[in-house]
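For reference, the structure is listed below as structure tokens.
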Amino acid sequence: MGIQIVEDDKALSEGISISLADVDDVFYREHTIGNAKKGFDKYGTELSLIILDLNLPDGIGYDYLKYVREKSDVAVLILTANDLEIDEVTGLTIGADDFLTKPFSLAVLRARVNALIRRSRISQQHETPADKEGSSNVYKIEDMIFDFDKLCFSKGDQEIFLSVNEQRLLKIFLDNRGLILTRDTLIERLWGDSGEYVEENALSVTVNRLRSKIEARCKEKHISTVYGQGYKFE
């Protein structure tokens with residue numbers, strides 16, 4: 001598995017790959033959106049993580065993020081000098097799994113990267129054949145099927161593409177249906193050891209994005225906000 005670094009600052013890109021050298025085996029360093037797309041089409045299935053800058057010579061990183069999300073649920077960490085809240089919200093809404101602003105601590109970067117790769121690998125370990133009727137990791141609600149063994153999610157005849165964090169959040173909700181889950185609990189379950197570095201609105205954005213994907217055209221709303229407490233899936 002590998003990490004794609006999409007960053008036009010070549011010195012920074014090399015520095016990141018050196019600092020993370022013990023995290024993954026292969027690094028693919030791209031410096032433009034065009035090259036990143038070509039690279040993704042060539043080796044995208046080998047990736048466990050994409051580290052993506054927003055300000056690139058041939059466009060905005062959001063465009064590449066949209067391109068990736070049309071094809072894959074690989075974890076994406078946005079790394080950028082844009083420090084406005086709207087930038088983070090936009091990135092998470094489009095489908096990023098995490099967001100880190102420059103300048104950044106290498107310790108924080110490593111914690112975020114390790115957490116994302118760990119979650120990605122845990123998800124991949126569930127990619128084994130399973131009988132839909134007998135698997136406890138397959139859930140059917142209305143016309144939706146959530147198969148965590150094969151990592152296939154659908155609504156009617158339409159496939160639902162979920163990011164790594166959206167998959168994990170959905171699984172947490174499904175395993176705790178009817179229970180109120182506090183924000184602190186969800187942040188700790190989603191981001192683990194790096195949870196202390198996560199902006200509070202990252203959870204809200206992830207919940208809202210998951211809600212928009214699974215509740216569109218639903219007869220009932222499944223994810224509810226419990227004021228002052230957290231969230232509940234019914």
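Only one residue in Val89, Val68, Val26 is β-branched (Val, Ile, Thr) and touching a residue at least 60 places away in the same chain (Cβ under 8 Å), so which one is that?
Val89
Being in contact (Cβ under 8 Å) with a residue 40 or more places away in the chain and among the aromatic types (Phe, Trp, Tyr) is the filter here; which residues of region 50-65 pass it?
Our first condition is that a residue be in contact (Cβ under 8 Å) with a residue 40 or more places away in the chain; within region 50-65, this holds for 50-53, 55-57, 61, 64.
Scanning region 50-65 gives a single hit, Tyr64.
Quick one: in region 52-83, of everything that is closer than 12 Å to Asp8 by Cα and aliphatic (A, V, I, L, M), which residue is farthest from the chain's Cα centre (by Cα)?
Step by step, filter region 52-83, then rank; the result is Leu56.
Confirm whether Ala21 is touching a Leu at 6+ places or on another chain (Cβ under 9 Å) and loosely packed, with under 15 Cβ neighbours inside 10 Å.
So Ala21 fails the test.
Only residues that are among the polar types (S, T, N, Q) and free of Cβ contacts under 8 Å to residues at least 40 places away in the same chain: list them for region 1-23, please.
Of everything in region 1-23, those that are among the polar types (S, T, N, Q) and free of Cβ contacts under 8 Å to residues at least 40 places away in the same chain turn out to be Ser13, Ser17.
Would you say Arg121 is basic (Lys, Arg), farther than 21 Å from Val207 by Cα and at pLDDT below 80?
Values: basic (Lys, Arg): yes; farther than 21 Å from Val207 by Cα: yes; at pLDDT below 80: yes.
In short, yes.
What pairs come up if the first residue lies in region 32-49 and is closer than 15 Å to Ile3 by Cβ, the second is of a type in the set (Ser, Thr, Tyr), and their beta carbons are under 7 Å apart, counting only those six or more places apart or on different chains?
Short answer, once both residue conditions are applied: Ala36/Tyr64; Gly39/Tyr28; Tyr43/Tyr28; Gly44/Ser72; Ser48/Ser120; Leu49/Ser120.
Any residue in region 48-66 that is basic (Lys, Arg), over 25 Å from Asn201 (Cα atoms) and outside the structural domain of Asn201 (by TED's automatic domain parsing)?
Checked region 48-66: no residue is basic (Lys, Arg), over 25 Å from Asn201 (Cα atoms) and outside the structural domain of Asn201 (by TED's automatic domain parsing).
Taking Asp8 and the conditions (1) assigned to a helix (DSSP H, G or I); (2) under 22 Å from Lys102 (Cα atoms); (3) touching a strand residue (DSSP E or B) at 6+ places or on another chain (Cβ under 7 Å), which numbered condition does it fall short on, given that it satisfies the others?
That leaves (1) as the condition not met.
Take the residues in region 56-74 that are in contact with a strand residue (DSSP E or B) (Cβ under 8 Å, 6 or more places away or on another chain) and at pLDDT 90 or above, then tell me which one is farthest from Gln4 (Cα to Cα).
Per the criteria, the residue is Leu56.
Out of curiosity, is Gly15 crowded, with 22+ Cβ neighbours inside 10 Å and among the small types (Gly, Ala, Ser)?
When the stated conditions are applied, Gly15 does not pass them.
The values are calculated or read from the model by the stated rules, or taken from the named source; none is laboratory data. Keep in mind the model is a prediction, meaning the values are calculated, not measured. Please note: Cβ atoms are built from the backbone with ideal geometry, for glycine as well, and neighbour counts cover all protein chains shown.
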